[in-house]
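The values are calculated or read from the model by the stated rules, or taken from the named source; none is laboratory data. Computed from a predicted model, the values in this text were never measured in an experiment. Here Cβ is always computed from backbone atoms with ideal geometry, including for glycine, and neighbour counts include all displayed protein chains.
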């Protein structure tokens, strides 16, 4: 896109490129034709809420649509520019294709043993899609989630997951009976959340956010309340990771409310409550945090099997409580919970690294610097085995907390390991 174009001309260009009227854009993003006209004339700048919707609609980043002037950035380069050179051109291409795919799917939402041959036939003759095909697509979704959870490098499953999402959106674009349409919307929401998880792990928060917004929209269309709530919970993680805890709370309050309308045999409402506890701890509200955990503890009474996209059960509680007590500066409460979590539930690389990083911070709060470095060393080792941008940034956060102890030998040794890793 021409760097000299102003934001209003870019929006007009993207709309006209697709042959859309201002009325159509207004309907798709949920505003009035007059507001769209003002955006394009430069009389009004879209709010962050509508910026997200326009990015999703056009398959572009906020930077590409001209929403940010250079002076808006905290650093000389935008977050968009600083995130992606480390990925290489192939990952940037995948990201662009994904945003374009979500743009196509956004319009499709509002049209009211796996048999691969049957699925292929349904793509060539989509009007004949039946329950068996939707069942097959659901089975593939479950496989994608299982592969993601088992993979040490989360990005290794991206190609397969994008292929599955593309297949589902191709089917969704056609007209179907209401029940089939809703089931397809639910499957698309599940896969979009999984793609969002992968990009979140790569520390590409902009793309992850687009996935979660679309996932919530498609789950709402499906009247799949647990999927809808889980999309909001995952969206809130972006704010939690960036320590913008106040921004996460409205999303989590909405998620808890929506989950109450879902399947009470699923742990969704307890997941939302536990994540709300994290946000409350971040703003220093001890009582509100403990109250949220009281609500979350109900997960211990559930006995059924969860869908693969629900990644929450009672084994998650000790690690979450420990992390909250670290934020609240109660290391004496945090350490027993984190040690329990380490023994009980640290089955994956990322989860173990997160628990160890909280143990490092807990030790540091008790001025046990060498102990903190021992935990941090293992986090570095685990992070070096993956392509996870999430873990890379966790390492950097620990490193920042150790700056006041730069003269300690254990810290110097850790610095050398981090330098080799980064």
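Condition (residue is under 21 Å from residue 245 (Cα atoms) and modelled with pLDDT of 85 or more) applied to the range 370-389: is it met by at least one residue? Walk me through it before giving the result.
Step one: of the range 370-389, the residues under 21 Å from residue 245 (Cα atoms) are 389.
Among the residues that remain, those that are also modelled with pLDDT of 85 or more are: none.
No.
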Legend entry - Hey, residue 202 farther than 26 Å from residue 305 by Cβ, in contact with a helix residue (DSSP H, G or I) (Cβ under 7 Å, 6 or more places away or on another chain) and modelled with pLDDT under 90 or not: yes
Inset, instruction - Among residues belonging to the range 18-32 that are surrounded by fewer than 17 Cβ atoms within 10 Å (Cβ to Cβ) and at pLDDT 85 or above, point out the one that is farthest from residue 60 (Cα to Cα). - result: 23
Inset, instruction - With the checklist (1) over 22 Å from residue 213 (Cα atoms); (2) crowded, with 18+ Cβ neighbours inside 10 Å; (3) modelled with pLDDT of 80 or more in hand, flag the one item residue 8 doesn't pass. - result: (3)
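Based on what the data block shows, is residue 68 assigned to a helix (DSSP H, G or I), at pLDDT below 75, out of contact with any helix residue (DSSP H, G or I) (no Cβ under 8 Å at 6 or more places or on another chain) and under 27 Å from residue 235 (Cα atoms)? Step through it out loud before you land on a result.
On the way: assigned to a helix (DSSP H, G or I): no; at pLDDT below 75: yes; out of contact with any helix residue (DSSP H, G or I) (no Cβ under 8 Å at 6 or more places or on another chain): yes; under 27 Å from residue 235 (Cα atoms): yes.
No; evaluated as a whole, the condition is false for this residue.
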